[in-house]
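Heads up, the thing below is written out as structure tokens.
The values are calculated or read from the model by the stated rules, or taken from the named source; none is laboratory data. Keep in mind it's a predicted model, so treat the numbers as computed, not measured. We place every Cβ from the backbone using ideal geometry, glycine too, and count neighbours over all the protein chains shown. Keep in mind that these areas ignore ligands, DNA and RNA; they rest on the heavy atoms of the full protein, side chains included. Shrake-Rupley method; radii C 1.70, N 1.55, O 1.52, S 1.80 Å.
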Amino acid sequence: MDITSIFMNQFFLRALAGLILTAIASATVGTIIVSRGMTFLTAEVAHAALGGAALGVFINGLLGLGIDPFFTAIASGVVFGMLAGYGGKTGSPEKLEAAIGVSMAISMSIAVLFLGMIPSQDIPKVWGYLLGDILLLTLNDIIILSIVVVSTVIIFLFFQREFIYIAMDMEGAEALGYNVSFYHYLSIFISSLAIVVATKAVGSIMIYAVMIIPPVISLMLVKKFILASITSFVIVLVTGIVGLLISFYVNVAPSGVIGILISFLYLLLAFKRG
Amino acid sequence: MAIDVIHIENVSVEFNGAVILNDISLEIYGNEFTVVIGPNGAGKTTFIKSILGLIHPSKGEIKVFGHNPFREGEYIRKIVGYVPQYIRISDVIPMNVLETVLMGILVKKKPPRIPSKTDIQSALQALKVVDMVEYRERYIHELSGGERQRVLIARAMVRKPKYLILDEPFTGVDVKSQRELIEFLHKIHVENKVGMLIVVHDLAPIIRYVDKILLLNKRVVAYGSPRDVLKKETIKEAYGAEVEILEHDKICYPLLGDVHRHR
Ligand SMILES: Nc1ncnc2c1ncn2[C@@H]1O[C@H](COP(=O)(O)OP(=O)(O)OP(=O)(O)O)[C@@H](O)[C@H]1O
Ligand SMILES: [Mg+2]
């Protein structure tokens, strides 16, 4: 397949759109999550999304409805994200971590439970949340992804200072009179939303590589929050396009290739720095 | 009730049924340099947070310069600057000194809180007070303990409060920087006419600037001038009979080892 026909390929174009949106999610909420030290939130919310999707399919089968499982995935991701956020509202990283762990256990159990209850021919509808189906994104998916990502970016830009403040010094911010619990929940809310939509694109197994490692690499390279954000965007986009192209030539899953590329980049940098 | 006092009347604080502060009554004068001492867990931080309206006493009344710390929290935070005890400044987020001080003034703006020229001027002015203007571009997590405290004092001072509360500001600060910090605080007290309430563990370096000492251990053990408070009996009462006491110039100091825990 020559390169121009790949770029004209509609699967590729939709995957590219999904990739750009994922890159934006990584650049915005990924940077917040890393700076708050709550990286496991990504895994937690992603698995909650998986469970939510399974629940959606289950309900559809039970009641004969046609709800898009994407919506139940989003709802479940946000609910479990906020649940973890509630446990960690004091800003203590240890408590947050414990709360995320507990919510993760619950959401994983729900995922396993409902995956076992839906008919086997429906399993592939949920599978995407585990492995990612960036090449199978529908126009509808892209629209939902765009709406979520654009709202996330607006909130991120508008409240960027507050997010940085609570990440840097939550107690100090509270003492100064900032409404820290509001900003805490808001940041968890937009993070959860963005994680779910990114999960739809790359899958819950790869979500960590795409949402967390790029901001970690960026914060190693540049010192300004907003520059770190832009760097993350570039990392996801470039490795993403390379990964997609490779997956078109060699028959491998694009999200796997992307994950390996990003991890490799991190190891290279960590190694260089000693 | 004078308008220039922090008026505390029969205040008790409980956490999960445990009494942390028991029936505290006193008046702290807004123009004075007051120091709070007491053993670990005496409730010093709790006391300060109650004044700031960050903790709700289970009983009693607090009026800060005539205002209720809960109903008028926003006003209190404007006129009372505060440097908390445990500041867990994350080193993941790169934030420079100027931004950190701006945090103190941007709180009165609405998001996205873009700093104006005047805001930046005020921040630089506050940094000047603690002699940190040249550090404005430096990253906060790269500073020494003493330099960081100076920045946090500047952040508490940026809205020009009339009163400043500091909770163990010398933790993790070497002796020389501690002396510098004390000089800055004294200067702020005298030149900017800012009242001070400072929790310390080691009294000796600061004693010559102190107007009043509050010796706290769940209740008010003693409150008054250093000479009145720093007596053998009162210190033993607060710290226990085993505490070593150093007597110098008719003033007794409790000799405490490294009592600072880190969270
Ligand atoms: N949020 C809370 N919930 C429950 N107990 C608390 C809380 N905050 C403080 N305490 C308890 O209240 C007591 C007094 O705590 P406080 O922090 O006020 O003491 P302190 O005098 O400041 O001690 P230190 O010298 O160690 O700073 C301690 O026993 C502490 O465990
Ligand atoms: Mg304390």
Open item on the list: Looking at B:L102, B:L127, B:L106, can you tell me which residue is open to solvent by less than 40 Å² (accessible area, probe 1.4 Å), among the hydrophobic types (A, V, I, L, M, F, W, C) and more than 15 Å from A:A173 (Cα to Cα)?
Closed with: B:L127
Task: Single match in A:I260, A:I246 (criterion: on the phi < 0 side of the Ramachandran plot, open to solvent by 50 Å² or more (accessible area, probe 1.4 Å) and touching a helix residue (DSSP H, G or I) at 6+ places or on another chain (Cβ under 7 Å)) - done: A:I246
- [ ] Could you tell me whether segment B:131-140 includes any residue that is touching a Pro at 6+ places or on another chain (Cβ under 8 Å), surrounded by fewer than 19 Cβ atoms within 10 Å (Cβ to Cβ) and within 10 Å of chain A (Cβ to nearest Cβ)?
- [x] yes
Open item on the list: Looking at segment A:152-192 only, could you name the residues that are facing chain B (nearest Cβ under 7 Å), open to solvent by less than 30 Å² (accessible area, probe 1.4 Å), farther than 14 Å from A:T28 by Cα and not small (G, A, S)?
Closed with: A:Y165, A:M168, A:D169, A:L176, A:Y178
Task: The one condition in (1) open to solvent by less than 10 Å² (accessible area, probe 1.4 Å); (2) over 20 Å from B:P226 (Cβ atoms) that B:D174 fails to fulfil - done: (1)
Task: Selection from segment B:29-56 of residues that are buried (at least 18 other Cβ atoms within 10 Å of the Cβ), of a type in the set (S, T, N, Q) and within 11 Å of ligand 2 (Cβ to nearest atom) - done: B:T45, B:T46
Open item on the list: List the helices (runs of 4 or more DSSP H) inside segment A:156-227, counting only whole elements, that have at least 1 residues being over 19 Å from the mean Cα position of the chain (by Cα).
Closed with: A:160-168, A:170-176, A:180-202, A:213-221
- [ ] Could you check, for segment A:49-69, whether at least one of its residues is touching a Gly at 6+ places or on another chain (Cβ under 8 Å), outside any helix (DSSP H, G or I) and more than 30 Å from A:Y249 (Cβ to Cβ)?
- [x] yes
Task: Selection within segment B:101-130 - within 22 Å of the chain's Cα centre (by Cα), within 10 Å of chain A (Cβ to nearest Cβ) and aliphatic (A, V, I, L, M) - done: B:L102, B:M103, B:I105, B:L106, B:V107
- [ ] Determine, yes or no, whether B:A18 is surrounded by fewer than 16 Cβ atoms within 10 Å (Cβ to Cβ) and either under 30 Å from B:R208 (Cβ atoms) or more than 9 Å from every other protein chain (Cβ to nearest Cβ) (or both).
- [x] yes
- [ ] At least 2 residues that are more than 16 Å from ligand 1 (Cβ to nearest atom) in each: list the helices (runs of 4 or more DSSP H) lying fully within segment B:1-113 that qualify.
- [x] B:73-79, B:97-106
- [ ] Restrict the check to segment B:185-201 and report whether at least one residue is loosely packed, with under 12 Cβ neighbours inside 10 Å, more than 13 Å from ligand 1 (Cβ to nearest atom), at pLDDT 85 or above and in a loop (DSSP other than H, G, I, E, B).
- [x] yes
